[in-house]
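The structure under discussion appears below in the form of structure tokens.
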Amino acid sequence: MTKLPKGVDQLPSGKYRLRKMVNGQMLTALFEEQPTQREVMRAVNDLLRETSAAILKGSFLDYAEKYIKAKENVLSASTIRGYRATLRGLPNHFTSLPIKDITQYTLTALVNDMVRSASPKTIYNRHGLIVSVLHEFRPELVIRTKLPRKVQKDIYTPDDEEIRKLFSYIDSTPNFKKYWVPLYLAALGLRRSEIGALTLSDLSHDNILTINKAKVQDSDNNWVIQNFTKTERSNRKIPIPDELATRIREQGCIYEGFLGKVYDTMRMAEKTLGLPHFGVHRLRSYFASKAHSLGLPDSVILKLGGWKSDNVMKNIYRKALKEDLHRESEKFLSHMTEIS
């Protein structure tokens, strides 16, 4: 006699009974013959579907709101804001569906429709939220949706000369001068949200900057200071140059104002100087690529930049190295054209 699957016993009548506790529910099924493990799993999934159908009464939107509400105190305000924006982007014909009626085919059809009007990244985000909600309230539903292939964006990372021009212009323009410090900090690897939350008390007497909070927008578009950063490893202490520390103390703050103005100022400076467009976050990319080219160990770059893993960090400087190779190749080809 083969071993009975876990949770199955044989009754005096000769039949086989499955008793299994799943998500606080005791599921029971009878079999005329000894079931295989696959038959047991099929029975469990069938029972879960029946139970869900009996319990789940609302629409997908109802349960998505419940899911987001339950996460409000454990996730950052910006993440919750992102969830709500993603939810608003889903079509009404989907969010109004009873959650118990959603199937794999429903998701496949939804993705197929969204391909016409949304980018692959947006579709990934929307599908990710849907899957999270369904896993929470429909754990028996197996989801294997084929998603569109992500498009690799050509993200520009500035070189040393472009950085020098930008900082020189910002520093010499009276209306832009106050943005020199936050942009310099971005080039040291800080995120915009981290820069916005910094105060003078975060700068020690020996010029060590403590990064342990973030300034983000909540679901109502209000700016709030949250007492944690993007990831667990983002809390860090970094040394900053004496010149930067002196300027911070002289101006009496790190940055006070609307964070969007930092981006706007940088955009105006780029246009004036004729530089390629690169946002504030690309200064963080510059930090990673430059630190790598100077020979800093990956573990040090990871710590200074507050990345959770080295995957994103390495992709950043690999991309920058490709751009350097392209630029240098163009210089060589130009040289060859001149001498031919």
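Each reported figure results from applying straightforward, stated rules to the coordinates on display, with no laboratory input. All values reported here derive from a predicted model rather than from experimental measurement. Reconstructed Cβ throughout: ideal geometry from the backbone, glycine too, with neighbour counts over all protein chains shown.
Helical content of the chain, expressed as a calculated mean residue ellipticity at 222 nm, amounts to -16500 deg cm²/dmol (DSSP H runs of 4 or more residues, -39,500 (n - 2.57) each, divided by residue number, nearest 500). Checking the cross-link pairs K230/K290; K100/K146; K121/K165 against a 27 Å limit on the alpha carbon distance flags K121/K165 as lying beyond it.
For q = 0.12, 0.13, 0.14, 0.16 Å⁻¹, what log10 I(q)/I(0) does the chain give under the Debye formula with an equal point scatterer on each alpha carbon and no solvent? After summing over all Cα pairs, the log10 values are -1.00, -1.09, -1.18, -1.36. Rounded to the nearest 20 debye, the dipole magnitude of the stretch 8-55 is 120 debye, with +1 charges on Lys and Arg beta carbons, -1 on Asp and Glu beta carbons, and the Cα centre as origin. Full extension of the chain between D298 and I208 yields a length gain of 30.3 nm, computed as 0.36 nm times the residue separation minus the alpha carbon distance. For the stretch 160-334, treating each Cα as an identical point scatterer without solvent, what Debye log10 I(q)/I(0) comes out at q = 0.09, 0.18, 0.20 1/Å? Normalising to I(0) and taking log10 leaves -0.33, -1.29, -1.52.
Kirkwood Rh over alpha-carbon pairs of the stretch 60-137, then Stokes-Einstein at 10 °C and 1.306 mPa s: what D in µm² s⁻¹, rounded to an integer?
Estimated via Stokes-Einstein, D reaches 124 µm²/s.
The magnitude of the dipole of the stretch 77-199, with charges of +1 and -1 set on the Cβ of Lys/Arg and Asp/Glu and taken from the Cα centre, is near 320 debye.
Note on the stretch 1-109: Rg/Rh from C-alpha atoms, Kirkwood Rh, equals 1.15. Listed by chain and number, the lysines whose alpha-carbon sits under 19 Å from that of K237, ignoring those within fewer than 8 places in the same chain, are K213, K215, K303, K308. When you work out D = kT/(6 pi eta Rh) for the stretch 8-55 at 25 °C and 0.890 mPa s, using the Kirkwood radius from C-alpha pairs as Rh and the Stokes-Einstein form, the result is 219 µm²/s. For the chain, the longest principal axis of the Cα atoms and the long axis of helix 60-71 meet at an angle of about 60 degrees.
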